[in-house]
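Read the structure below first, then the notes.
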Amino acid sequence: MTAAGQPEAAISRPARPTPEREEEARLVARAREGDLAAYDTLVRRYQERVYATLYHMTANHEDAADLTQETFVKAFRALKSFKGHSSFFTWIYRIAVNKALNFLKQRRHRRFLSLNDLDLRAENDPELVELVSEDTPRRGARLNELQERLNEALLKLSEEHRMVITLHDIQGLPHEQISRIMRCNVGTVRSRLHYARQQLQAYLADLMP
Amino acid sequence: MSAPHDKWDTLRKLLALKRHELPPPGFFDRLPDRIRARIEAETESSGGWAAWRRWFNFQWGFKPALAGAMLAAAAGLYVVEVTQNPAATNPEPRLSPDYGLVVVPAVVSNASSHLLADRPATPWTPPASLQPHLGTPPPPGLFRPGAGLMVSPAAFTPAGASLQAPLEPATTSNALHQVPAGETWPPYRTPQK
């Protein structure tokens with residue numbers, strides 16, 4: 001499952017006319033004619049994934065919330081240019097990615113963390129329980145510490161490397177879709193992913209077994 | 001030293017931690033309304049031009065080529081209208097049926113007749129104010145090829161007679177004043193020595 005609860009296989013499914021895509025095409029057509037109710041449906045469908053991408057890139061809720069709004073507003077204005085060659089999901093992700101990269105270039109001089117609260121279910125995630133061996137009330141504090149260390153390490157990566165880690169390792173998008181979103185070839189995606197993981201492992205060496 | 005696979009597995013689990021970071025409760029319930037409000041606010045603030053453009057887009061779909069073609073067609077219609085009907089931009093003056101001058105005859109009273117009698121005899125030409133521009137037909141050969149000048153012969157009244165004669169009523173004829181042939185008007189008098 002991806003961060004938004006969507007099976008990875010569903011995202012990696014090739015673009016063929018399915019009932020979902022046909023319905024999405026109808027919604028896009030209506031939104032293009034100014035139907036805000038139709039656009040509202042599209043926003044509700046993709047807002048969590050767009051927000052998650054922007055949040056993992058900025059590590060700040062307020063910035064991510066603003067950028068998510070800007071992404072959807074800009075997408076509405078640019079609907080005329082959406083030709084349907086890619087899915088609406090890929091198209092709006094591309095807008096979000098460009099928004100994030102532009103924002104980070106402007107914000108490069110300041111780096112701070114304003115992290116969201118962890119979902120309470122995180123403490124019961126078996127994989128995370130395995131990471132935090134202490135079975136005590138301190139487990140939550142330990143998880144928050146891990147979260148902070150991880151975000152600091154992510155912020156040390158370049159924007160392109162952080163984007164690949166976010167889209168692939170956190171959100172679960174396939175290489176091909178990332179290459180379409182970032183407008184680069186699949187080999188570049190794989191290369192960036194490999195380098196980014198190596199860097200992260202180096203930054204978090206003391207947490208590694 | 002741990003195997004690379006173990007390191008990657010640990011990193012993968014750490015990254016999975018990121019999926020549990022959530023925005024404040026209710027954020028995703030409010031976000032669509034905020035986006036909608038922002039779109040509507042930007043639409044209103046962009047003014048009438050944007051509203052017109054949206055209407056145009058909704059009705060026809062925005063096609064620059066179509067807009068250019070419509071503009072060219074409108075310009076063409078305007079040019080055709082102007083060339084076919086020059087009066088639309090340069091209305092021709094209304095002329096009298098005989099295309100004569102519109103003349104307003106002077107009224108000369110008996111009380112002022114002695115002033116005229118002292119004047120030297122000079123050929124009289126109507127002042128420019130009596131030849132209003134709007135009453136002047138177009139020059140021959142320019143707008144009406146082949147048409148000759150429409151000149152009415154001058155006529156004069158005998159000395160002394162014209163002043164006593166009642167004036168003719170105002171006319172739009174091109175004849176300025178009917179004077180018997182062979183006589184001058186105003187009357188010429190030989191200066192008294």
Calculated FRET efficiency for the pair B:Asp6/B:Leu66, C-beta based, R₀ 60 Å, to 0.05: 0.40
Debye intensity ratio in log₁₀ form over the Cα atoms of segment A:13-116, taken at each q of 0.10, 0.11 Å⁻¹: -0.30, -0.36
Average partner coverage of A:87-97, which counts Cβ from other chains inside 10 Å: 0
Net length gained if the chain between A:Gln106 and A:Glu22 were fully extended (0.36 nm per residue, minus Cα distance): 26.4 nm
Length released on extending from A:Asp66 to A:Tyr195, taking residue separation times 0.36 nm less the Cα-Cα span: 43.4 nm
As computed over segment A:157-209, the Cα convex hull volume per residue (Å³): 72
Scattering curve values for segment B:1-44, log₁₀ I(q)/I(0), Debye with Cα scatterers, q = 0.13, 0.17, 0.34 Å⁻¹: -0.55, -0.65, -1.04
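Calculate the mean, over all residues of peptide A:69-76, of how many other protein chain Cβ atoms lie within 10 angstrom of the residue's Cβ. Before the final figure, lay out the partial values.
Numbers: counts 6, 2, 1, 7, 7, 0, 1, 6.
For peptide A:69-76, the averaged partner shielding equals 4.
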Segment A:Glu159-A:Thr41, length gained on full extension (0.36 nm per residue, minus Cα span): 39.4 nm
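Quick note: the coordinates plus some simple rules give every number you see, no bench work behind them. Predicted, not measured: the structure shown is a model, and the values here were computed from it. Cβ atoms come from the backbone with ideal geometry, glycine included; neighbour counts cover every protein chain shown.
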